[in-house]
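Encoded as structure tokens, the structure appears first; notes follow it.
The values are calculated or read from the model by the stated rules, or taken from the named source; none is laboratory data. Note that the coordinates shown come from a computational prediction; the quantities given were computed from them, not determined experimentally. Heads up, the Cβs are rebuilt from the backbone with ideal geometry, glycines too, and the neighbour counts pull from every protein chain shown.
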Amino acid sequence: MSKPKGINTICTHVGELEDTEFRGAVSPLYMSTSYAFEDVEVKRYPRYFNTPNQVALTRKMAALEHGESSLIFGSGMAAVSTSLMAFLRSGDHVVFQDSLYGGTSNLVTEEFDKFGIAYSFAKDARIESLEAELKENTKVIYIETPSNPLLRITDMKAVAKLAKKEGLVSMIDNTFASPVNQNPIDFGIDVVIHSATKYMGGHSDILAGTVISSKEYIDRIFQMAKNFGGSLSDYTVWLLERSLKTMGIRVKAQNENAMKLAEYLNSHSDVSKVYYPGLKDHPDHKLAKEQMKGYGGMLSFELNEDINVSEFMKSLELIKPSMSLAGVESTILLPSKTSHGLLSAEEREKQGIKDNLLRFSVGIEETEDLIEDLEQAINKVIKN
């Protein structure tokens with residue numbers, strides 16, 4: 001067996017389509033939505049996730065997450081909803097960790113009752129809390145680590161062990177980590193989901209999702225996916241393949257910046273709390289060190305209560321107040337008004353998401369420039 005390829009080599013080369021006519025350096029783009037159906041090995045149709053560009057990109061995704069197969073979706077939520085519904089039926093039950101992406105929580109609380117699917121949210125991300133919610137009809141256990149927006153870490157190996165003991169399917173949202181920083185399948189997790197809009201796209205110009213698993217499970221998810229219609233246009237597939245080529249170097253640069261900024265904020269007199277798994281005082285630092293290759297480009301922090309967070313964001317000159325995350329540019333937002341705005345105030349309080357909590361997606365700019373921008377914004381608000 002040949003030596004496994006490194007992350008940057010996988011990002012650059014796996015899943016390439018060969019330009020046999022002109023021998024170009026990048027994959028050709030096949031824009032057709034209509035293909036021949038007679039005398040062909042594969043009847044190709046975009047909604048069936050099997051156009052040339054779609055198939056090529058799934059090979060790269062599977063290789064990045066050490067899985068057998070994958071599917072590409074039109075959004076992260078299309079990937080989440082299709083994967084869950086592929087393994088759940090009326091009368092089934094699913095266990096979620098407490099802190100999830102707000103869109104996932106909203107999907108569950110608004111839609112699952114309509115389908116007769118029961119669910120429980122564990123009181124926290126500890127394995128004991130997840131196990132306490134299991135029922136006789138539980139079929140799936142779903143986690144997200146690092147969590148959004150408090151960066152809590154869930155023990156993937158323990159979750160996988162529990163799922164296998166109980167005959168459950170384990171799923172993880174691996175968006176915040178990216179395949180660069182952790183590979184859940186190596187820890188025994190069955191299904192890995194990403195909002196490819198984030199670190200995989202990396203330039204704030206692509207909306208996509210992906211699911212990686214065994215061939216058996218991907219075939220099952222496909223049966224649901226072809227009916228839900230959440231496929232991705234081939235032009236966006238091509239753009240996503242292009243973006244993935246630089247994911248390894250982008251994410252490593254963001255890791256380095258985030259660590260330095262977390263340390264800076266953690267020592268700042270006007271910051272009351274910093275959430276970053278790379279900090280030694282983070283409650284899950286030891287676990288993060290065991291299962292992550294890097295601590296990621298995401299961190300959250302709370303300014304002192306006497307600082308107006310809205311005015312602080314308006315005073316930033318380099319860091320952009322913006323809805324999404326994981327682009328090469330640094331962005332910041334209030335989870336209470338954006339990613340978790342669909343949750344009630346009580347639900348946010350239960351998860352520890354305060355109104356003055358800021359989620360910071362660290363980009364690839366020079367660290368010194370980002371620190372200078374944070375400093376001048378804090379000083380400006382205090383003086384005013």
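Worth a mention:
- Residue count for the range 30-65, restricted to those that are exposed (fewer than 15 other Cβ atoms within 10 Å of the Cβ) and either free of Cβ contacts under 8 Å to residues at least 12 places away in the same chain or in a loop (DSSP other than H, G, I, E, B) (or both): 12
- Residue in the range 264-282 that is assigned to a helix (DSSP H, G or I) and either touching a helix residue (DSSP H, G or I) at 6+ places or on another chain (Cβ under 7 Å) or among the basic types (Lys, Arg) (or both) present: yes
- Qualifying residue in the range 172-186 (condition: within 18 Å of Asp124 (Cβ to Cβ) and assigned to a loop (DSSP other than H, G, I, E, B)): yes
- In the range 124-146, the residues that are crowded, with 17+ Cβ neighbours inside 10 Å reach residues that are part of a strand (DSSP E or B) and among the charged types (D, E, K, R) with C-beta atoms within less than 6 angstrom, at least six apart or across chains, in these pairs: Glu144/Asp173.
- Some residue of the range 75-85 being part of a loop (DSSP other than H, G, I, E, B), in the same structural domain as Ser231 (by TED's automatic domain parsing) and in contact (Cβ under 8 Å) with a residue 60 or more places away in the chain: yes
- In this structure, Leu100 qualifies as surrounded by 21 or more Cβ atoms within 10 Å (Cβ to Cβ), in the same structural domain as Trp238 (by TED's automatic domain parsing) and part of a loop (DSSP other than H, G, I, E, B).
- Residue within the range 330-353 that is surrounded by fewer than 16 Cβ atoms within 10 Å (Cβ to Cβ) and either assigned to a strand (DSSP E or B) or among the hydrophobic types (A, V, I, L, M, F, W, C) (or both) present: yes
- Pick from the range 187-236, criterion touching a Lys or Arg at 6+ places or on another chain (Cβ under 8 Å) and assigned to a loop (DSSP other than H, G, I, E, B), ranking: surrounded by the most Cβ atoms within 10 Å (Cβ to Cβ): Tyr199
- If you go through the range 278-302 and pick out every residue that is hydrophobic (A, V, I, L, M, F, W, C), in contact with a Phe, Trp or Tyr (Cβ under 9 Å, 6 or more places away or on another chain) and surrounded by fewer than 22 Cβ atoms within 10 Å (Cβ to Cβ), you end up with 1.
- Of the residues making up the range 91-118, those that are without any contact (Cβ under 8 Å) to a residue 40 or more places away in the chain and over 21 Å from the mean Cα position of the chain (by Cα) are Glu110, Glu111, Phe112, Asp113, Lys114, Phe115, Gly116, Ile117, Ala118.
- Count - residues of the range 1-52 that are within 29 Å of Lys293 (Cβ to Cβ), polar (S, T, N, Q) and at pLDDT 95 or above: 4
- Selected residue (only one of Val362, Val309 is under 21 Å from the mean Cα position of the chain (by Cα), among the β-branched types (Val, Ile, Thr), assigned by TED's automatic domain parsing to the domain that holds Asp270 and surrounded by 15 or more Cβ atoms within 10 Å (Cβ to Cβ)): Val362
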